[in-house]
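S.K.: The structure is given below, and queries will be raised subsequently.
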Amino acid sequence: MNYYFFLINMLFFATNSLAQITLMQHHFFSIGDTIVEHYNRLPQNPINIGESGENRIWDFSDLDAIAVNKNTLKFIDPKETPFAAEYPDSNIVLYSKDIYESWGFMKSSRKRISNLGYGVLANKEKRTGNLGGIDMKLPLRYLDESSNESVAHRVLFKNIKGQDSIKIKTVSKHKYKIDSWGDVILPQGTFISLRLKYTLDITNYIYQRKGDKWNLLIKPETKSTISYKWWTDDENAKYPVVQIVMDEANEKPIVVHYLEANPFSEIIEEVEEEEIKIYPNPATEKLFVEFPKSEETYTTIYSLEGKIVINKKTNLPKIEIDISHLAAATYLIINRSKAGQIIGKSKFIKI
């Protein structure tokens, strides 16, 4: 059941057409999708999550070396679950089977994705509850942020008259921010992604009943967890391509998940010149790139396998790029704005 809690937290406390790094409803999961992910708890290899900001590069190309488990996630119709009556407003469910069978009930629309609660079958016993969390507002873009607070009550002990005598109030404060955009390099290739930073602060208040009053037993403490999710609009993903949970000091990853999706599927299938001019093409030593206007942009050149070979920042209407060191091949060139919007794309041949 702990793994289920992790899954739903990663999904909801989380979270681009090719024209823009923007997440719309159709970029997320839908009924019938099956996601296979690798994961490892307490990875020993060093993992650098990098800094926030624009046009970042996160190199996770050695994740194959630390992944020790696989899990299959399925998105199904609520009517196919044992808990359909408990969640009549749900229109999509995340199903997972680790130690127990688990279902996460959600409501997805063009404006938001909401977490409604969970159901678990443990030793043939049905259990339900609500983890709280953020309703992700859509569309989701760079620098978007949101926060909310959820409160849950749990009885620990009843007296001989059946009255509550000790209870816990749990206050969860949820906050996320899309703090970066850039390229995530995985063993399968490169994904243009948004990074979502999620902070969860949990405070437990333990009360004891004396007569008609509730008294606080101990001074409450707040525990914080920070996690990161890298979302892409690649049609083979529909789920964070990388998810990392940090330790309490926010210094070391303690859980790492990543997908086996195919990167750059749409870019490779068809890349047409759009808003930028490149010449000569084919080229040997130098490549000239012209933009429609002078503004701060980022230009990245990729191999067809998704490897980043050149990455430049400019505010000029025309730049010159030295490509003499590149191997003879066909390359992709992408120009993006400060917000990550793709404002130009093309192909060229190096001979």
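S.K.: Which residue, T170, S108, I334, has the largest displacement toward the positive end of the dipole of the chain when charges sit on each Cβ (Lys, Arg +1; Asp, Glu -1)?
M.R.: The Cα lying farthest towards the positive end belongs to T170.
S.K.: Here is a further query. Which length gain, in nm to one decimal place, applies between S150 and K97 when the Cα-Cα distance is subtracted from 0.36 nm times their residue separation? Provide the component values of the computation, followed by the final result.
M.R.: Numbers: separation 53, 0.36 × 53 = 19.08 nm, distance 2.67 nm.
Computed gain between S150 and K97 is 16.4 nm.
S.K.: Just to confirm a number: summing +1 for Lys and Arg and -1 for Asp and Glu over residues other than E295 whose beta-carbon lies under 14 angstrom from that of E295, what do you get? Kindly include the intermediate steps, with their values, before the conclusion.
M.R.: Details: positive: K293, K313, K318, R336, K338; negative: E54, E275, E290, E296.
So the surrounding residues net to +1.
S.K.: Under a 1.4 angstrom probe, counting protein chains only, how are I21, I185 ranked by accessible area, largest first?
M.R.: Largest accessible area first, the list is I185, I21.
S.K.: Hey, another quick one. Hey, which aspartates and glutamates would be in cross-link range of K238, C-alpha to C-alpha under 16 Å, not counting anything within fewer than 8 residues on its own chain?
M.R.: Counting by Cα, and skipping residues close in sequence, K238 has these aspartates and glutamates nearby: D33, E37, E260, E266.
S.K.: Ranked from the most accessible area to the least, with a 1.4 Å probe and all protein chains present, what is the order of T81, T72?
M.R.: Most to least solvent-accessible, the answer reads T72, T81.
S.K.: Also, I was wondering about something else. Using just the alpha carbons, could you tell me how many Å³ per residue the convex hull of segment 190-245 encloses?
M.R.: Taking only Cα atoms, segment 190-245 has a hull volume of 101 Å³ per residue.
S.K.: N123 versus S303, label points 7 Å from Cα toward the beta carbon: distance in nm?
M.R.: The answer from the label model is 5.5 nm.
S.K.: Among residues other than Q25 whose Cβ falls under 10 Å from its Cβ, what is the net charge (Lys/Arg +1, Asp/Glu -1)?
M.R.: Neighbour charge sum, excluding Q25 itself: +3.
S.K.: Still on this structure, I have one more. Cβ neighbours within 10 Å, averaged per peptide: list 325-331, 124-130 in order, most packed at the top.
M.R.: 325-331, 124-130
S.K.: Moving on. What is the extension gain from N215 to T72, computed as 0.36 nm multiplied by their sequence separation minus the C-alpha to C-alpha distance, in nm to one decimal?
M.R.: 46.9 nm
S.K.: Quick one: compute the contact order of segment 212-351, relative version, from alpha carbon pairs under 8 angstrom and 6+ residues apart, as a percent.
M.R.: It comes to 19 percent, rounded to a whole number.
S.K.: For K124, give me every one of the lysines with a C-alpha distance below 20 angstrom, ignoring sequence neighbours fewer than eight places off in its own chain.
M.R.: Partners found: K79, K97.
S.K.: What translational diffusion coefficient, to the nearest whole µm²/s, does the chain have by Stokes-Einstein, given a Kirkwood radius computed over alpha-carbon pairs, a temperature of 37 °C and 0.692 mPa s viscosity?
M.R.: So the translational diffusion coefficient is about 147 µm²/s.
S.K.: Do you know the relative contact order of segment 35-148, to the nearest whole percent, from alpha carbon pairs under 8 angstrom that are 6+ apart?
M.R.: Rounded, it is 16 percent for segment 35-148.
S.K.: Could you work out [θ]222 nm for the chain from helices alone, using -39500 (n - 2.57) per DSSP H run of at least four and dividing by all its residues? Round to the nearest 500 deg cm²/dmol.
M.R.: After summing the helix terms and dividing by the residues of the chain, the value is -1000 deg cm²/dmol.
S.K.: Provide the per residue accessible area, probe 1.4 Å, for the chain, rounded to a whole number of square angstrom.
M.R.: Here the residues of the chain average 50 Å² of exposed surface.
S.K.: About the Cα centre, and with charges only on the beta carbon of Lys, Arg (+1) and Asp, Glu (-1), how big is the dipole of the chain? Nearest 20 debye, please.
M.R.: Values: 45 positive and 45 negative charges, 381 e Å.
The calculation lands at about 1840 debye.
S.K.: Would you mind counting up the charge near L143? Only other residues with Cβ under 9 Å from its Cβ, with Lys and Arg at +1 and Asp and Glu at -1.
M.R.: -1
S.K.: Using the per-residue mean of other Cβ atoms lying within 10 Å as a proxy for protection, in what order, highest first, do the peptides 253-260, 85-92 fall?
M.R.: 253-260, 85-92
S.K.: So for the chain, taking the charge dipole from beta-carbon charges (+1 Lys/Arg, -1 Asp/Glu), which of Q208, T81, G189 sits furthest toward the positive end?
M.R.: Q208
S.K.: Tell me the carbon and sulfur percent of the accessible area for segment 83-168, rounded to whole percent, probe radius 1.4 Å.
M.R.: With neighbouring chains kept in place, the figure for segment 83-168 is 47 percent.
S.K.: Could you give the distance between the Cα centres of segment 172-199 and segment 312-351, to the whole Å?
M.R.: Spelled out, the Cα-based centre of one part sits 23 Å from the other.
The values are calculated or read from the model by the stated rules, or taken from the named source; none is laboratory data. Just so you know, these numbers come straight off a predicted model, no measurement behind them. Positions of Cβ are backbone-derived with ideal geometry, glycine not excepted, and every protein chain shown enters the neighbour counts. Accessible surface areas use protein heavy atoms only, side chains included; no ligands, DNA or RNA. Shrake-Rupley method; radii C 1.70, N 1.55, O 1.52, S 1.80 Å.
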